[in-house]
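Asker: Okay, here's the structure, questions in a sec.
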Amino acid sequence: MRFSIYRYNPETDKKPYMQDYDLDTEANNCYMVLDALLAIKNTLDDTLTLRRSCREGVCGSDGMNMNGKNGLACTTHLSSFTGPVIIRPLPGLPVIRDLVVDMTQFYQQYEKVKPYLQNSDPVPAKERLQSPAERAKLDGLYECILCACCTSSCPSFWWNPEKFVGPAGLLQAYRFIADSRDTHQSERLADLADPFSVFRCRGIMNCVDVCPKGLNPTKAINHIKELMLEEAV
């Protein structure tokens, strides 16, 4: 199977280029894209650079663009490709080397939404309780693994990465806005009320299409807008 991989080492290369590798995937027991990348690194070219950790679709570290679509290399089956596999780093983020991108801007936007519980009520003796119905509202929100596949597939983030929070950050913003234990909903909504933080979303749903966990950031963003409207009224 042929793999065409984005290569760029800023210490030695003047500009990026694509490099082709032909790999016997059966002989190397490759089932996922990550298997193939590691086989290429171990047998054909040890200079190939990528991130990976758990190999189970949990850590989110091996997000990349495969044949034009973002995803996790460890959960993307080679059988889903019929021709050459073209692998590039996640778009819209600075490339450090080869398939490794600088996630600084992504994490800065994540931090901006204050992704932690805020509660001004007196601390209870045991824990802050939720009903099953209140807890169910968090399903589809807390499972985000911060792989950046959604945010780096969003044109609004490409255009305004320093202002638009992005799908992943806004999904987490709504996760705490919707949490019955959080008492700072109004403040959270006010922090997002500027023209860029949430309103740059155009609803094209690229984020939904690429999320490896099957989450729906667009739905969460629309809920934030609805709550802002209610606050304004």
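The values are calculated or read from the model by the stated rules, or taken from the named source; none is laboratory data. Not measured: the values here are computed from a predicted model. Because the Cβ atoms are built from the backbone with ideal geometry, glycine has one as well, and the counts that use them run over all protein chains shown. The accessibility values were calculated without ligands, DNA or RNA, using every heavy atom of the protein model including side chains. Shrake-Rupley method; radii C 1.70, N 1.55, O 1.52, S 1.80 Å.
Asker: With a sphere of radius 15 Å drawn around the Cβ of W159, what net charge do the other residues whose Cβ falls strictly inside it have (Lys, Arg +1; Asp, Glu -1)?
Answerer: +2
Asker: Report in % the part of the accessible area of the chain that belongs to carbon and sulfur, leaving out ligands and nucleic acids; probe 1.4 Å.
Answerer: 51
Asker: Put a dot 7 Å past each Cα toward the Cβ at W159 and E187; how far apart are the dots in nm?
Answerer: 3.2
Asker: Still on this model: Which value, in Å² and to the nearest 10, is the accessible area of Y17 when all protein chains are kept and the probe is 1.4 Å?
Answerer: 90
Asker: Which entry in (i) 7, 29, 29, 19, 10, 4, 0; (ii) 9, 37, 40, 13, 0; (iii) 7, 23, 24, 23, 17, 6, 0 matches P(r) over Cα pairs in 10 Å bins from 0, in percent derived from the coordinates of this structure?
Answerer: (i)
Asker: In deg cm²/dmol and to the nearest 500, what is the mean residue ellipticity at 222 nm of the chain if only DSSP H runs of at least 4 residues count, each as -39500 (n - 2.57), divided by the residue total?
Answerer: Values: 8 runs with 69 residues, N = 233.
It comes out at -8000 deg cm²/dmol, rounded to the nearest 500.
Asker: What's the ranking of 203-216, 119-132, 184-197 by average number of surrounding C-beta atoms within 10 Å, highest first? Mind showing how you got there, number by number?
Answerer: Details: 203-216: 17.9, 119-132: 8.7, 184-197: 15.3.
Answer by packing, highest mean first, reads 203-216, 184-197, 119-132.
Asker: Next question. With the crude spin-label approximation of a point 7 Å out along Cα→Cβ, what separation in nm comes out for D139 versus T47?
Answerer: 5.1
Asker: Using R₀ = 22 Å, calculate the FRET efficiency as 1/(1 + (r/R₀)^6) where r is the Cβ-Cβ separation of K114 and R202; round to 0.05. Intermediate results must be reported in sequence, preceding the final value.
Answerer: Details: r = 25 Å, r/R0 = 1.13.
It comes out at approximately 0.35.
Asker: K15 versus E127, label points 7 Å from Cα toward the beta carbon: distance in nm?
Answerer: Rounded to a tenth, the inter-label distance reads 5.7 nm.
Asker: Using a Förster distance of 22 Å, how high is the FRET efficiency between H77 and N29, based on the Cβ-Cβ distance and rounded to 0.05?
Answerer: For R0 = 22 Å, the calculated efficiency reads 0.95.
Asker: Within the chain, which DSSP H helices have Cα atoms that stretch 18 Å or more along the helix axis and a mean Kyte-Doolittle hydropathy of at least -0.5?
Answerer: Span-like helices, by this rule, are 217-232.
Asker: Skip the ligands, DNA and RNA, and give the accessible area per residue of the chain with a 1.4 Å probe, whole Å².
Answerer: Computed with neighbouring chains in place, this is 52 Å² per residue.
Asker: Roughly how far apart, in whole Å, are the Cα centres of region 98-162 and region 16-67?
Answerer: 28
Asker: Given a cut-off of 30 Å, name the pairs among K126/K219; K69/K225; K112/K213; K41/K213; K15/K225 whose C-alpha atoms lie farther apart than that in the structure shown.
Answerer: Exceeds cut-off: K126/K219; K15/K225.
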